[in-house]
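Q: Please read through the structure below; I'll follow up with questions.
The values are calculated or read from the model by the stated rules, or taken from the named source; none is laboratory data. Quick caveat: nothing in here was measured; it's all calculated off a predicted structure. No Cβ is skipped: glycine too gets one built from the backbone with ideal geometry, and neighbour counts run over all protein chains shown.
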Amino acid sequence: MSDSVIANPNLYVITGGPGAGKTTLLRELAKRGEACVEEAARQIIQEQVQAAGGAVPWGDTTRYAELMLERSIADFVQHSTAQQPTFFDRGIPDVLCYARLIGMGEQAIRAACAKYKYNQLVFIAPPWQEIYTVDEERKQTFAEAVETCRLMQRSYQDCGYAPIDLPRVAVEDRAEFVMRRIALDGR
């Protein structure tokens, strides 16, 4: 892996713990015509379940993390020349957080976090009990979601980002909040 950094201030990450409204917000932004990149983790889970594969958070966690890193880097590279704001449903530092949760080595992930840089402003969807649900791909308890969000914020800070909490408001208002913050940053 080359040491040169690939950075694009037009790439924004929306992250946080599971079930906090990230994907719903991304859908709202896409509905408004904004460029959005789907969450790699959920895609991998769906693919693994369909193929009866074991690389899922409740199975081979190390392989799952490796696939998340590969897919997250590929998504970044695919959009690395974006000339307009592009919103990612999670970013490469999310894989760092997951590695910390499962006790996996961080060296390759930290190298990827240092090489591929999004806009410094990262939107964190905080835990929100009123909207939290579990499903076939999200099996964590709300307490686990709270801890994941805490570690997520720390992982992004460790990688030099400035996380900002999204307000717990209707999705339309969250989208307005994001667009106003980007405008304030000169985008």
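Q: Of everything in the range 105-125, what is surrounded by fewer than 18 Cβ atoms within 10 Å (Cβ to Cβ) and either more than 29 Å from residue 85 (Cβ to Cβ) or touching a Lys or Arg at 6+ places or on another chain (Cβ under 8 Å) (or both)? Give them in sequence order.
A: 105, 106, 107
Q: Can I ask one more? Can you find a residue that is at pLDDT 95 or above, touching a helix residue (DSSP H, G or I) at 6+ places or on another chain (Cβ under 8 Å) and over 13 Å from residue 15 (Cβ atoms) anywhere in the range 144-160?
A: The answer is yes; a qualifying residue exists.
Q: Here's another thing I want to ask about it. Since residue 49 meets every condition but one in (1) modelled with pLDDT under 95; (2) closer than 20 Å to residue 147 by Cβ, which condition does it not meet?
A: In the conditions (1) modelled with pLDDT under 95; (2) closer than 20 Å to residue 147 by Cβ, residue 49 misses (2) alone.
Q: Here is a follow-up. Mind checking which residues of the range 12-61 are farther than 18 Å from residue 152 by Cβ, surrounded by 18 or more Cβ atoms within 10 Å (Cβ to Cβ) and acidic (Asp, Glu)?
A: Within the range 12-61, 28, 34 qualify.
Q: Cβ contacts < 8 Å: first residue in a loop (DSSP other than H, G, I, E, B), restricted to the range 125-150; second residue at pLDDT 80 or above and of a type in the set (Asp, Glu), any location; separation 6+ or different chain. Result?
A: Once the first residue is in a loop (DSSP other than H, G, I, E, B) and sits in the range 125-150, its partners that are at pLDDT 80 or above and of a type in the set (Asp, Glu) give 126/165.
Q: Could you list, in sequence order, all residues of the range 161-178 that are in contact with an Asp or Glu (Cβ under 8 Å, 6 or more places away or on another chain), in a helix (DSSP H, G or I) and exposed (fewer than 15 other Cβ atoms within 10 Å of the Cβ)?
A: Within the range 161-178, just 172 meets the criteria.
Q: I've got another one for you. Among (1) outside any helix (DSSP H, G or I); (2) farther than 20 Å from residue 16 by Cβ, where does residue 111 come up short?
A: So residue 111 meets the others, but not (1).
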